[in-house]
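Here is the structure we will look at.
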Amino acid sequence: MTRKRVLSGIQPTHDSFHLGNYLGALKQWVDLQEEHDAFYCVVDLHALTIETEPALLRKRILASAAQLLALGVDPDKCTLFLQSHVPAHNQLGWIMECLAGFGEASRMTQFKDKSQKTGTDRTVVGLFTYPMLQAADILLYQADLVPVGEDQRQHIELTRDLAGRFNSRYGQAFQLPDAYILKSGAKINDLQEPTSKMSKSANSMQGVIELMDTPEINVKKIKSAMTDTGREVVFDEKEKPGISNLLTIHSALSGKKISDIEKEYEGKGYGDFKAGVAEVVVEVLRPIRQRALELLEDETYLLKILTGGALKARAVAEKTMANAYQNLGLVQ
Ligand code: TYM
(Lines give C-alpha, C1' and ligand atoms only; values in the text may rest on other atoms or scores of the structure.)
Protein backbone atom coordinates (compact mmCIF):
# COMPACT_ATOMS: atom_id res chain seq x y z
CA MET A 1 0.00 0.00 0.00
CA THR A 2 1.35 3.44 -0.86
CA ARG A 3 1.73 5.80 2.03
CA LYS A 4 -0.36 8.95 2.14
CA ARG A 5 1.43 12.13 1.19
CA VAL A 6 1.78 14.97 3.71
CA LEU A 7 2.97 18.51 3.09
CA SER A 8 3.31 21.49 5.36
CA GLY A 9 5.29 24.71 5.64
CA ILE A 10 6.35 27.35 8.12
CA GLN A 11 7.57 30.90 7.62
CA PRO A 12 11.07 31.91 8.78
CA THR A 13 9.92 35.38 9.77
CA HIS A 14 11.30 35.45 13.32
CA ASP A 15 14.30 34.27 15.32
CA SER A 16 12.25 31.58 17.00
CA PHE A 17 9.12 29.51 16.49
CA HIS A 18 6.58 29.73 19.32
CA LEU A 19 4.50 27.29 21.31
CA GLY A 20 1.46 27.87 19.05
CA ASN A 21 3.48 26.75 16.01
CA TYR A 22 4.72 23.74 17.92
CA LEU A 23 1.40 22.52 19.30
CA GLY A 24 -0.74 23.60 16.35
CA ALA A 25 1.45 22.11 13.66
CA LEU A 26 5.06 21.05 14.24
CA LYS A 27 4.33 18.32 16.77
CA GLN A 28 2.01 16.75 14.17
CA TRP A 29 4.75 17.06 11.53
CA VAL A 30 6.91 14.83 13.69
CA ASP A 31 4.13 12.32 14.35
CA LEU A 32 3.03 12.11 10.72
CA GLN A 33 6.49 11.46 9.28
CA GLU A 34 6.42 7.99 10.86
CA GLU A 35 3.74 6.52 8.63
CA HIS A 36 3.39 9.01 5.81
CA ASP A 37 5.44 10.24 2.91
CA ALA A 38 6.05 13.69 4.34
CA PHE A 39 7.39 16.87 2.72
CA TYR A 40 8.11 19.81 5.01
CA CYS A 41 9.36 23.16 3.85
CA VAL A 42 10.57 26.42 5.28
CA VAL A 43 8.57 28.84 3.15
CA ASP A 44 11.25 31.44 2.69
CA LEU A 45 9.55 33.05 -0.34
CA HIS A 46 6.41 33.67 1.70
CA ALA A 47 8.60 35.44 4.25
CA LEU A 48 9.50 38.05 1.60
CA THR A 49 6.06 39.59 2.14
CA ILE A 50 7.69 41.14 5.22
CA GLU A 51 10.71 43.32 4.51
CA THR A 52 13.72 41.88 6.31
CA GLU A 53 17.40 42.74 6.27
CA PRO A 54 19.12 40.02 4.07
CA ALA A 55 21.64 38.85 6.68
CA LEU A 56 18.84 38.50 9.22
CA LEU A 57 16.60 36.59 6.80
CA ARG A 58 19.43 34.16 6.04
CA LYS A 59 20.01 33.64 9.76
CA ARG A 60 16.32 33.02 10.38
CA ILE A 61 16.02 30.51 7.54
CA LEU A 62 18.88 28.47 8.99
CA ALA A 63 17.51 28.87 12.52
CA SER A 64 14.17 27.56 11.25
CA ALA A 65 15.77 24.46 9.76
CA ALA A 66 17.76 23.91 12.96
CA GLN A 67 14.64 24.17 15.13
CA LEU A 68 12.71 21.74 12.92
CA LEU A 69 15.49 19.16 13.14
CA ALA A 70 15.84 19.78 16.87
CA LEU A 71 12.17 19.16 17.58
CA GLY A 72 12.22 15.86 15.74
CA VAL A 73 11.73 16.41 12.01
CA ASP A 74 13.97 13.63 10.73
CA PRO A 75 15.53 13.89 7.25
CA ASP A 76 15.79 10.11 7.10
CA LYS A 77 12.01 9.82 7.44
CA CYS A 78 10.79 12.87 5.51
CA THR A 79 11.90 15.46 2.96
CA LEU A 80 12.93 18.77 4.54
CA PHE A 81 13.67 21.61 2.13
CA LEU A 82 13.54 25.32 1.44
CA GLN A 83 10.76 26.58 -0.79
CA SER A 84 13.13 28.82 -2.79
CA HIS A 85 15.20 25.76 -3.75
CA VAL A 86 12.31 24.45 -5.84
CA PRO A 87 11.46 26.92 -8.64
CA ALA A 88 8.25 25.03 -9.49
CA HIS A 89 6.60 26.75 -6.49
CA ASN A 90 6.73 30.07 -8.33
CA GLN A 91 5.69 28.48 -11.60
CA LEU A 92 2.58 26.85 -10.18
CA GLY A 93 1.92 29.90 -8.00
CA TRP A 94 1.34 31.91 -11.18
CA ILE A 95 -1.06 29.30 -12.56
CA MET A 96 -2.99 29.44 -9.28
CA GLU A 97 -3.16 33.24 -9.51
CA CYS A 98 -4.69 32.87 -12.96
CA LEU A 99 -7.35 30.52 -11.55
CA ALA A 100 -8.27 32.40 -8.38
CA GLY A 101 -10.94 35.09 -8.46
CA PHE A 102 -10.14 38.56 -7.16
CA GLY A 103 -13.14 38.45 -4.83
CA GLU A 104 -12.21 35.00 -3.61
CA ALA A 105 -8.69 36.15 -2.76
CA SER A 106 -10.05 39.32 -1.13
CA ARG A 107 -12.06 37.21 1.30
CA MET A 108 -8.99 35.59 2.88
CA THR A 109 -9.17 36.62 6.53
CA GLN A 110 -5.40 36.48 7.06
CA PHE A 111 -4.93 38.97 4.22
CA LYS A 112 -7.69 41.19 5.56
CA ASP A 113 -6.23 41.17 9.10
CA LYS A 114 -2.66 41.76 8.02
CA SER A 115 -3.42 44.43 5.44
CA GLN A 116 -5.69 46.24 7.89
CA LYS A 117 -2.86 46.35 10.40
CA THR A 118 -0.38 47.84 7.90
CA GLY A 119 -2.78 49.95 5.82
CA THR A 120 -3.36 49.47 2.07
CA ASP A 121 -0.57 51.81 0.97
CA ARG A 122 2.03 49.78 2.82
CA THR A 123 0.63 46.36 1.93
CA VAL A 124 2.61 44.56 -0.78
CA VAL A 125 0.89 42.70 -3.63
CA GLY A 126 2.68 39.53 -2.49
CA LEU A 127 0.57 39.49 0.66
CA PHE A 128 -2.54 39.37 -1.52
CA THR A 129 -1.23 36.57 -3.74
CA TYR A 130 0.27 34.70 -0.77
CA PRO A 131 -2.52 32.03 -0.55
CA MET A 132 -2.06 31.12 -4.22
CA LEU A 133 1.63 30.43 -3.61
CA GLN A 134 0.61 28.38 -0.59
CA ALA A 135 -1.81 26.41 -2.79
CA ALA A 136 1.08 25.71 -5.16
CA ASP A 137 3.24 24.50 -2.24
CA ILE A 138 0.61 21.92 -1.41
CA LEU A 139 -0.56 20.84 -4.87
CA LEU A 140 2.91 20.30 -6.33
CA TYR A 141 3.37 17.36 -3.97
CA GLN A 142 -0.11 15.85 -4.49
CA ALA A 143 -0.57 16.10 -0.73
CA ASP A 144 -3.42 14.18 0.90
CA LEU A 145 -2.98 15.84 4.30
CA VAL A 146 -1.79 19.26 5.41
CA PRO A 147 -1.04 19.49 9.15
CA VAL A 148 -1.67 23.09 10.24
CA GLY A 149 -3.25 25.18 12.99
CA GLU A 150 -6.82 26.46 12.81
CA ASP A 151 -5.75 29.81 11.30
CA GLN A 152 -4.77 28.05 8.05
CA ARG A 153 -8.10 26.28 7.48
CA GLN A 154 -9.37 28.87 4.98
CA HIS A 155 -6.15 28.67 2.93
CA ILE A 156 -6.49 24.90 2.65
CA GLU A 157 -10.14 25.28 1.58
CA LEU A 158 -9.03 27.70 -1.14
CA THR A 159 -6.35 25.22 -2.21
CA ARG A 160 -9.00 22.51 -2.62
CA ASP A 161 -11.21 24.86 -4.61
CA LEU A 162 -8.38 25.83 -6.95
CA ALA A 163 -7.30 22.22 -7.44
CA GLY A 164 -10.86 21.17 -8.22
CA ARG A 165 -11.28 24.05 -10.65
CA PHE A 166 -8.08 23.17 -12.49
CA ASN A 167 -8.96 19.48 -12.66
CA SER A 168 -12.43 20.08 -14.04
CA ARG A 169 -11.34 22.71 -16.57
CA TYR A 170 -8.10 21.19 -17.82
CA GLY A 171 -8.11 17.55 -16.76
CA GLN A 172 -6.95 15.79 -13.62
CA ALA A 173 -3.62 17.13 -12.38
CA PHE A 174 -3.94 17.60 -8.61
CA GLN A 175 -4.92 15.64 -5.53
CA LEU A 176 -7.47 17.52 -3.38
CA PRO A 177 -5.83 17.93 0.05
CA ASP A 178 -7.48 17.76 3.48
CA ALA A 179 -6.46 19.99 6.35
CA TYR A 180 -5.15 17.97 9.30
CA ILE A 181 -6.17 20.04 12.30
CA LEU A 182 -6.29 18.61 15.82
CA LYS A 183 -9.30 19.29 18.05
CA SER A 184 -7.11 20.46 20.90
CA GLY A 185 -4.06 22.68 20.42
CA ALA A 186 -5.08 23.99 16.99
CA LYS A 187 -5.36 27.46 18.47
CA ILE A 188 -3.01 28.31 21.30
CA ASN A 189 -3.68 31.76 22.69
CA ASP A 190 -1.44 34.56 23.89
CA LEU A 191 -0.69 34.25 27.61
CA GLN A 192 -1.35 37.93 28.22
CA GLU A 193 -4.35 38.21 25.89
CA PRO A 194 -5.92 34.77 26.19
CA THR A 195 -8.69 35.49 23.70
CA SER A 196 -6.24 36.22 20.83
CA LYS A 197 -4.04 33.63 19.17
CA MET A 198 -0.38 33.40 20.10
CA SER A 199 1.36 35.11 17.21
CA LYS A 200 4.84 36.04 16.01
CA SER A 201 3.55 39.51 15.24
CA ALA A 202 2.05 40.22 18.67
CA ASN A 203 2.54 43.75 20.00
CA SER A 204 4.28 42.41 23.07
CA MET A 205 6.26 39.17 23.38
CA GLN A 206 5.28 38.80 27.07
CA GLY A 207 2.50 36.38 26.19
CA VAL A 208 4.44 34.43 23.55
CA ILE A 209 6.44 31.34 24.56
CA GLU A 210 9.37 31.01 22.17
CA LEU A 211 11.22 27.77 21.52
CA MET A 212 14.57 29.56 21.55
CA ASP A 213 13.98 31.54 24.75
CA THR A 214 15.82 30.40 27.87
CA PRO A 215 13.89 28.23 30.34
CA GLU A 216 14.13 31.09 32.88
CA ILE A 217 12.38 33.53 30.56
CA ASN A 218 9.65 31.03 29.70
CA VAL A 219 9.01 30.16 33.35
CA LYS A 220 8.65 33.87 34.09
CA LYS A 221 6.22 34.38 31.20
CA ILE A 222 4.04 31.47 32.33
CA LYS A 223 4.05 32.58 35.96
CA SER A 224 2.90 36.04 34.93
CA ALA A 225 0.25 34.73 32.51
CA MET A 226 -3.06 36.52 32.71
CA THR A 227 -5.53 34.47 34.74
CA ASP A 228 -9.21 34.84 35.38
CA THR A 229 -11.47 35.61 38.31
CA GLY A 230 -12.13 32.81 40.79
CA ARG A 231 -9.47 30.37 41.90
CA GLU A 232 -10.50 26.93 40.58
CA VAL A 233 -8.51 25.31 37.82
CA VAL A 234 -11.34 24.33 35.47
CA PHE A 235 -11.69 24.40 31.70
CA ASP A 236 -14.22 27.02 30.65
CA GLU A 237 -13.23 28.91 27.51
CA LYS A 238 -15.87 31.62 27.98
CA GLU A 239 -15.46 32.42 31.67
CA LYS A 240 -11.83 31.35 32.09
CA PRO A 241 -9.95 31.82 28.81
CA GLY A 242 -6.57 32.20 30.55
CA ILE A 243 -6.81 29.02 32.62
CA SER A 244 -8.35 27.12 29.70
CA ASN A 245 -5.43 28.09 27.46
CA LEU A 246 -2.93 26.92 30.08
CA LEU A 247 -4.86 23.65 30.52
CA THR A 248 -4.74 23.08 26.75
CA ILE A 249 -0.98 23.71 26.73
CA HIS A 250 -0.37 21.41 29.69
CA SER A 251 -2.50 18.64 28.23
CA ALA A 252 -0.94 18.81 24.77
CA LEU A 253 2.58 18.66 26.19
CA SER A 254 2.11 16.20 29.06
CA GLY A 255 -0.32 13.92 27.23
CA LYS A 256 -2.64 14.02 30.28
CA LYS A 257 -6.39 14.50 29.87
CA ILE A 258 -7.68 17.95 30.80
CA SER A 259 -10.09 16.40 33.32
CA ASP A 260 -7.16 14.64 35.05
CA ILE A 261 -5.19 17.89 35.27
CA GLU A 262 -8.23 19.64 36.75
CA LYS A 263 -8.41 16.90 39.40
CA GLU A 264 -4.68 17.18 40.12
CA TYR A 265 -5.12 20.87 40.98
CA GLU A 266 -8.41 20.58 42.85
CA GLY A 267 -8.24 22.73 45.98
CA LYS A 268 -4.95 24.29 44.88
CA GLY A 269 -4.67 27.82 43.52
CA TYR A 270 -3.60 29.33 40.22
CA GLY A 271 -0.03 29.77 41.50
CA ASP A 272 0.56 26.03 41.92
CA PHE A 273 -1.06 25.33 38.58
CA LYS A 274 1.10 27.84 36.71
CA ALA A 275 4.22 26.37 38.32
CA GLY A 276 3.09 22.95 37.06
CA VAL A 277 2.50 24.26 33.53
CA ALA A 278 5.91 25.95 33.55
CA GLU A 279 7.57 22.68 34.52
CA VAL A 280 5.89 20.75 31.70
CA VAL A 281 6.74 23.43 29.12
CA VAL A 282 10.37 23.69 30.14
CA GLU A 283 10.82 19.92 30.15
CA VAL A 284 9.78 19.76 26.48
CA LEU A 285 11.43 22.95 25.24
CA ARG A 286 14.79 22.77 27.03
CA PRO A 287 16.24 19.91 24.93
CA ILE A 288 14.81 21.37 21.72
CA ARG A 289 16.54 24.69 22.32
CA GLN A 290 19.77 22.95 23.32
CA ARG A 291 19.82 20.81 20.19
CA ALA A 292 18.93 23.73 17.91
CA LEU A 293 21.82 25.76 19.31
CA GLU A 294 24.19 22.85 18.65
CA LEU A 295 22.90 22.43 15.09
CA LEU A 296 23.37 26.13 14.40
CA GLU A 297 27.07 25.69 15.05
CA ASP A 298 27.27 23.37 12.04
CA GLU A 299 26.03 25.27 9.01
CA THR A 300 27.62 22.77 6.61
CA TYR A 301 25.46 19.99 8.03
CA LEU A 302 22.29 22.10 7.80
CA LEU A 303 23.03 23.00 4.18
CA LYS A 304 23.71 19.37 3.33
CA ILE A 305 20.31 18.31 4.70
CA LEU A 306 18.56 21.12 2.83
CA THR A 307 20.34 20.39 -0.45
CA GLY A 308 19.43 16.72 -0.21
CA GLY A 309 15.82 17.65 0.55
CA ALA A 310 15.67 20.03 -2.42
CA LEU A 311 16.75 17.27 -4.81
CA LYS A 312 13.96 14.97 -3.65
CA ALA A 313 11.38 17.76 -3.60
CA ARG A 314 12.32 18.98 -7.10
CA ALA A 315 11.86 15.54 -8.61
CA VAL A 316 8.27 15.34 -7.35
CA ALA A 317 7.40 18.99 -8.05
CA GLU A 318 8.75 19.01 -11.61
CA LYS A 319 6.68 16.00 -12.55
CA THR A 320 3.47 17.69 -11.35
CA MET A 321 4.46 20.90 -13.07
CA ALA A 322 5.12 19.27 -16.45
CA ASN A 323 1.75 17.54 -16.28
CA ALA A 324 -0.04 20.79 -15.38
CA TYR A 325 1.62 22.69 -18.25
CA GLN A 326 0.65 19.93 -20.64
CA ASN A 327 -2.99 20.01 -19.50
CA LEU A 328 -3.07 23.78 -19.93
CA GLY A 329 -2.00 23.47 -23.56
CA LEU A 330 1.42 24.99 -23.11
CA VAL A 331 3.78 23.57 -25.73
CA GLN A 332 6.17 21.10 -24.10
P1 TYM B 1 2.98 30.21 10.00
O2 TYM B 1 4.42 30.26 9.63
O3 TYM B 1 2.33 31.47 10.46
O4 TYM B 1 2.74 29.14 11.14
C5 TYM B 1 3.22 27.81 11.06
C6 TYM B 1 2.19 26.86 11.61
O7 TYM B 1 1.86 27.18 12.97
C8 TYM B 1 0.45 27.25 13.13
N9 TYM B 1 0.13 28.26 14.17
C10 TYM B 1 -0.62 28.00 15.26
N11 TYM B 1 -1.25 26.90 15.69
C12 TYM B 1 -1.92 26.98 16.88
N13 TYM B 1 -1.97 28.09 17.63
C14 TYM B 1 -1.35 29.23 17.25
N15 TYM B 1 -1.39 30.31 18.02
C16 TYM B 1 -0.64 29.22 16.01
N17 TYM B 1 0.09 30.15 15.34
C18 TYM B 1 0.55 29.54 14.21
C19 TYM B 1 -0.07 27.68 11.76
O20 TYM B 1 -1.43 27.33 11.60
C21 TYM B 1 0.85 26.91 10.84
O22 TYM B 1 0.39 25.60 10.64
N23 TYM B 1 0.65 30.23 5.56
C24 TYM B 1 1.39 29.39 6.52
C25 TYM B 1 2.69 28.83 5.94
C26 TYM B 1 2.55 28.01 4.71
C27 TYM B 1 2.00 26.71 4.62
C28 TYM B 1 2.17 26.33 3.25
C29 TYM B 1 1.40 25.86 5.54
C30 TYM B 1 2.99 28.35 3.46
N31 TYM B 1 2.77 27.34 2.59
C32 TYM B 1 1.71 25.07 2.80
C33 TYM B 1 0.94 24.62 5.09
C34 TYM B 1 1.10 24.24 3.74
C35 TYM B 1 1.77 30.25 7.69
O36 TYM B 1 1.85 31.46 7.61
O37 TYM B 1 2.13 29.56 8.81
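Of the DSSP H helices in the chain, those that are both long (alpha-carbon extent of 20 Å or more along the helix axis) and hydrophobic (Kyte-Doolittle mean at least -0.5) are 54-70, 125-139, 270-296, 299-328.
The loop-placed chymotrypsin sites (Phe, Trp or Tyr not before Pro) in segment 236-332, going by DSSP, include none that has at most 16 neighbouring Cβ atoms within 10 Å of its Cβ. Taking GluC sites (Glu not before Pro) in DSSP loop states with no more than 14 other Cβ atoms inside 10 Å as exposed sites, the chain has its longest site-free stretch at 52-236. Only Cα pairs under 8 Å and 6+ residues apart enter the sum, and on that basis the relative contact order of segment 1-135 stands at 27 percent. With the cut-off at 1.5 for a/c, could you classify segment 230-279 from its C-alpha gyration tensor as rounded, prolate or oblate? Judged from the Cα gyration tensor, segment 230-279 comes out rounded (a/c under 1.5). In this label model, R231 and V331 are separated by 8.1 nm, measuring between points 7 Å along each Cα→Cβ vector. When the alpha carbon gyration tensor of the chain is reduced to an equivalent ellipsoid, the three semi-axes, largest first, read 36, 22, 19 Å. Across segment 208-332, Cα-Cα pairs more than 24 Å apart make up 52 percent of the total.
Ignoring lysines fewer than eight residues from K304 along the same chain, the ones with Cα atoms less than 21 angstrom from its Cα are K59, K77, K312.
Using Cα pairs under 8 angstrom and six or more residues apart, how large is the relative contact order of the chain, in percent?
In percent, rounded to a whole number, it is 23.
For the chain, the solvent-accessible area works out to 48 Å² per residue, with a probe of 1.4 Å and every protein chain left in place. From helices alone, the chain scores -16500 deg cm²/dmol at 222 nm; the rule is -39500 (n - 2.57) for each run of n ≥ 4 DSSP H residues, then divide by the residue total.
The values are calculated or read from the model by the stated rules, or taken from the named source; none is laboratory data. None of the values given here were measured: they were computed from a predicted structure. We place every Cβ from the backbone using ideal geometry, glycine too, and count neighbours over all the protein chains shown. The accessibility values were calculated without ligands, DNA or RNA, using every heavy atom of the protein model including side chains. Shrake-Rupley method; radii C 1.70, N 1.55, O 1.52, S 1.80 Å.
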